[in-house]
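First the structure, in the form of structure tokens, and then the observations on it.
The values are calculated or read from the model by the stated rules, or taken from the named source; none is laboratory data. This one's a predicted model, so the numbers in the text were calculated from it and none came from an experiment. Reconstructed Cβ throughout: ideal geometry from the backbone, glycine too, with neighbour counts over all protein chains shown. Note: accessible area is taken over every heavy atom of the protein model, side chains too, but ligands, DNA and RNA are not part of it. Shrake-Rupley method; radii C 1.70, N 1.55, O 1.52, S 1.80 Å.
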Amino acid sequence: MAFNKLKKFLHWEGTQKPDIDMSGLLYEQLKPFRAPFLLLFAGLLLSTLGYVVVTGYSLIDAFFQASYTFTTTGFGALKESEFDGLDVFYTAVVMMAGSAVLSFCVISVIDVLNRGKLIPIIKERNMIYRIARLKNHFIICYHNEYTIQLSQQFREAHIPFVVVDNNDALEDIAQKYRYPFFINEDPHTEIAMLKCHLSSARGVITLSSSIADNIAQIASVRLYERELGRKPYFIIGNANTNEDEEKLKKLGADCVVSPAKLFAQRVNAMATRPDMENLLERFAYQKDTPLDLEEIVVPRYSWLVLKKLKEAHVREITQTSIVGITQKDGKFISMPNGDTLVTSECKLLVIGTSLGVRLTKQLVSKKDKPEELKYV
């Protein structure tokens, strides 16, 4: 037990295997190397045995003589000055055979490298193994300006993510915009989902400007989710019109973002309530601020279910305030009073310090009534 904890602390649990095995593709690229290497080893073996028979060398001396003669890397290190005619003729044959085999090996290697497939496959295989270590990450589908901005926010918040796009220049794009993980595939395909380790992901964000691409992505993810039999992914979509927004929600998107609507809302807030907009900009949209505003889900097993809000004594214990409650059916209660009933899977809108919000999460997530409440 202690050893397992030590392994976990030192990250010795072993490399997580990816959902897809690329060994077959890698083998196909390396298969042309078989004949050259077999010829090389066979030539060394036969040359060594030949020197044992022809010159009377010991096995180790024969192997040394065969190695530098067959590979044409040297001569004269042993007793070549004592060679008779047969020894010299055999040595010449070994040199010519070695030159032919080495030339064939070099030509084979250059031919494989010129095809330009081996290096990309090795790089992609390494990337897939790195992605396989991720857990609760987000899959961002399609590269565009939204992806650039979102990736920057995710990096600052230390949220792991993988960018998936079928752009041939995705590797250069990833280096330019500092995408730590990326997959060059059509995002809605099964192979893309396997490569980006969707099985352990938290959710998917599809940001295509085409509604058809977003529809295909959402449908594919929900089908994959059913095949795995796991809890639902959190899916965020992008829509340009209200009609498209409704379509994506009906197809299974948890949230749909409309850039045009967001722009209108922000501009309206700036024009009508500039002070409030400044507060939101300072506290809700930025990191490391004195106050945090966050929704906390009340689990089914929480001790607070079917209790009155005042029984939690949130303000006294965590120095935070609950300014809103979203019921499971979507009904929102603003500024709830102490007699408001807390229901299963509702969301508490909490405002306070970062520490206070974390303490409130811990308080709500407990199965039994916390000890500190017994004396309040």
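Taking amide H atoms as placed 1.01 Å from N in the peptide plane, the amide H of V257 lies under 5 Å from those of G237, N238, A239, each 5 or more residues away in sequence or on another chain.
At an R0 of 35 angstrom, the distance between the Cβ atoms of R230 and N166 translates into a FRET efficiency of 0.85.
Compactness ratio for the stretch 37-91: Cα radius of gyration over 2.2 N^0.38 Å (N = residue count) comes to 1.03. Modelled spin labels at K307 and Q153, positioned 7 Å past Cα toward Cβ, are 3.4 nm from each other. The modelled label-to-label distance between E345 and S210, using points 7 Å beyond Cα along the C-beta direction, is 3.5 nm. Here the Kirkwood formula, the inverse mean of 1/r across different C-alpha pairs, assigns the stretch 300-371 a hydrodynamic radius of 12.2 Å.
Pairs exceeding 25 Å between alpha-carbon atoms, taken from K17/K249; K135/K310; K231/K307; K195/K250; K195/K347; K328/K361: K17/K249; K135/K310; K231/K307; K195/K250; K195/K347. Using only side-chain charges placed at the Cβ, +1 for Lys and Arg and -1 for Asp and Glu, the dipole size of the chain relative to its Cα centre rounds to 1740 debye. Legend: residues D168, D368, sorted from most to least accessible area (1.4 Å probe; ligands, DNA and RNA excluded), read D168, D368. In the chain, a dipole from Cβ-located charges (positive for Lys and Arg, negative for Asp and Glu) runs towards its positive end, and of V267, I131, A97 it is V267 whose Cα lies farthest in that direction. A probe of 1.4 angstrom, applied to the heavy atoms of all protein chains, finds F41 with accessible area near 130 square angstrom.
Here the gap between D329 and T272, fully extended at 0.36 nm per residue and compared with their Cα-Cα distance, gives a gain of 17.4 nm. Excluding same-chain neighbours fewer than eight residues apart, the aspartates and glutamates reachable from K247 by a Cα-Cα span under 14 Å are D213.
The stretch 171-238 and the stretch 119-134 have Cα centres spaced 17 Å apart. DSSP beta bridges confined to the chain are antiparallel in about 45 percent of cases. Using heavy atoms of the protein chains and a probe of 1.4 Å, the accessible area assigned to I205 is about 10 Å².
Taking every protein chain into account, the 1.4 Å probe leaves S99 with about 50 Å² of accessible area, to the nearest ten.
For the chain, a Gaussian network of Cα nodes joined below 10 Å ranks T343, T241, T206 by mean-square fluctuation, and the top entry is T343. For the stretch 14-172, with equal point scatterers placed on the C-alpha atoms only and solvent neglected, what are the log10 I(q)/I(0) values from the Debye formula at q = 0.09, 0.16, 0.18 1/Å, to two decimals? These q points yield log10 I(q)/I(0) values of -0.55, -0.93, -1.07. Taking every full run of DSSP H in the chain, the ones that stretch at least 27 Å from end to end by Cα along their long axis and average 1.6 or higher on the Kyte-Doolittle scale are 34-55. Rg/Rh for the chain: what does it come to with C-alpha atoms and Rh from Kirkwood? With Rg and the Kirkwood Rh in hand, the quotient comes to 1.22.
Which one, G352, G252, G330, has the greatest fluctuation when you compute a Gaussian network model over the chain with C-alpha springs under 10 angstrom? Between G352, G252, G330, it is G330 that shows the largest mean-square fluctuation. Legend: residues M335, M193, sorted from most to least accessible area (1.4 Å probe; ligands, DNA and RNA excluded), read M335, M193. Modelled spin labels at K79 and I107, positioned 7 Å past Cα toward Cβ, are 3.8 nm from each other.
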